[in-house]
Structures are given as C-alpha cells and as structure tokens.
Amino acid sequence: MITGSIAIQSVLNRTTPYHVPHSTAILGYACIYGGDDRYYNNIFAPRKGYEPTGTQMYNGSPQDMTAFIQAVTLRLPGDVELFETVRQPAYINGNAYFKGTLPYADEVLALVANTKTLGLKVQRSATAISLTLKVPAALVAFKVPQQSTATLGHVRLAGAAFDNPDGSPIVLNEDFFGEKTPGDQRLAGPFAHLKVGDNVLDLFDL
C-alpha cells in the first residue's frame, strides 16, 4: 500500500557498483538508468499533502527485456551512450489506483478508481496502532495473480533473482499479518481479507 509519492531518479553522471547475487563482491559498475522496477499488486492511495503519482511516470518504458533490446538496437551504431536514452524495462501489473493516481499506460490488469478515496486513517490507542479503510466493492472484487521468484524474473545488470537469502524460491502468498492466501489469486495490497465498507485493522500491539 503506497500512500506517498514515487519518482524515477536516474543518475547518469557517475557509475555505481552492483554485486554478485547474495554477496558483497562487486560484479560490475554502471550508471543508474532508471527502471528495471517491479510494481505488482499494490494499492496507490496518497494521503493529504502527497502528489498522486501512481505509476504513469513509467509511460514510455519498455514492457520487457525484449522490447528494451529492440529499443537499444534501433539506436545503433553506438556505445554505452545508447543506454542513456533508453529506460530499463518496467514490470507493472495488478495495481489498484485511488484518489487521482494513474496507471502505467501498458499495464494490462489495473483497477482505476480515481473518484474514490479509501478514507485511510492511522490511529493510536492505548493498546494498538490501527489502520482504518473505507473499502469499495470494486477493490474486494479485484483479484490479482500471486507473485513468486518464477514470475518476478531477474534484474538486468546483476542477473539476480528475487529469492530467499539461501537462494531458494519465494512465493508471495502471505499478507501483512502472515495469513496465507490459497490458490494463485489474491487481493491487491497488503491485506488478504477486506470487506466492503469500514475496515479497522490493528497493525501493531502496544
């Protein structure tokens, strides 16, 4: 659940080391080109004072590595400067957008509810910190695929997989409270069980 703003920040005037997967050994150096990001199954609902960004700033980014290679190839001949003109791929799908946030133009599965808010409120009592949400029926009905090591792919430069520290695969089938979702579909966001209307979720005990 993303309640603030996000931005793409490229750093093209210096190189930065990247590492061998699960190690601090340096594998190489590269500029930060922006992209190669993954936004799956999130809820975008900015709080007051935050710009409603969503993922539309990725518009124009390649959808996958094949499209990225094609975009670089079209700029040949050249050298490393070719990569300064092409963003890395953006992997974005299964997100829900509220309060003016907008999706990536090539996002296939998205819920856009720009006229609605979630009434998001964080409260503290003597015993807990709780989150209050006013959930529309559209969000409860919006089911998205679970993600895993197999579906998240590899990062471009280091070739690293999204896996556990010991190299074993992960399946993102647990919510904020550790509740597992059966099957291969789930609700967008960090909570496996939401109902239409008011939801009060105790996040932390005090």
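The values are calculated or read from the model by the stated rules, or taken from the named source; none is laboratory data. Bear in mind that the values here come from a model prediction, so they are computed numbers and not experimental data. Heads up, the Cβs are rebuilt from the backbone with ideal geometry, glycines too, and the neighbour counts pull from every protein chain shown. Side chains included, ligands, DNA and RNA excluded: accessible areas come from the protein's heavy atoms. Shrake-Rupley method; radii C 1.70, N 1.55, O 1.52, S 1.80 Å.
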Inset, instruction - State yes or no: is residue 74 over 28 Å from residue 144 (Cβ atoms), without any contact (Cβ under 8 Å) to a residue 40 or more places away in the chain and touching a Lys or Arg at 6+ places or on another chain (Cβ under 9 Å)? - result: no
Inset, instruction - Sort out for me the strands (runs of 3 or more DSSP E) sitting completely within the stretch 115-206 that have 1 or more residues that are over 20 Å from residue 92 (Cα atoms), free of Cβ contacts under 8 Å to residues at least 60 places away in the same chain and open to solvent by 60 Å² or more (accessible area, probe 1.4 Å). - result: 121-124
Inset, instruction - Would you check which residues across the stretch 9-65 are among the hydrophobic types (A, V, I, L, M, F, W, C) and within 19 Å of residue 110 (Cβ to Cβ) and list them? - result: 43, 44, 45, 57
Legend entry - Looking only at the stretch 164-188, and only at residues there that are β-branched (Val, Ile, Thr) and touching a helix residue (DSSP H, G or I) at 6+ places or on another chain (Cβ under 8 Å), the one that is nearest to residue 137 (Cα to Cα): 171
Legend entry - Those residues of the stretch 73-91 which are more than 18 Å from residue 8 (Cβ to Cβ) and not hydroxyl-bearing (Ser, Thr, Tyr), in sequence order: 74, 75, 76, 77, 78, 79, 80, 81, 82
Inset, instruction - Would you mention how many residues in the stretch 15-48 are closer than 16 Å to residue 89 by Cα and free of Cβ contacts under 8 Å to residues at least 24 places away in the same chain? - result: 1
Inset, instruction - Search the stretch 39-64 for residues being outside any loop (DSSP other than H, G, I, E, B) and open to solvent by 50 Å² or more (accessible area, probe 1.4 Å), and hand back the single one that is nearest to residue 112 (Cα to Cα). - result: 56
Inset, instruction - Assess whether residue 110 counts as being touching a residue at least 60 places away in the same chain (Cβ under 8 Å), of a type in the set (Gly, Ala, Ser) and over 30 Å from residue 29 (Cα atoms). - result: no
Legend entry - Unique match (being within 17 Å of the chain's Cα centre (by Cα) and of a type outside the set (Lys, Arg)) among 63, 70: 63
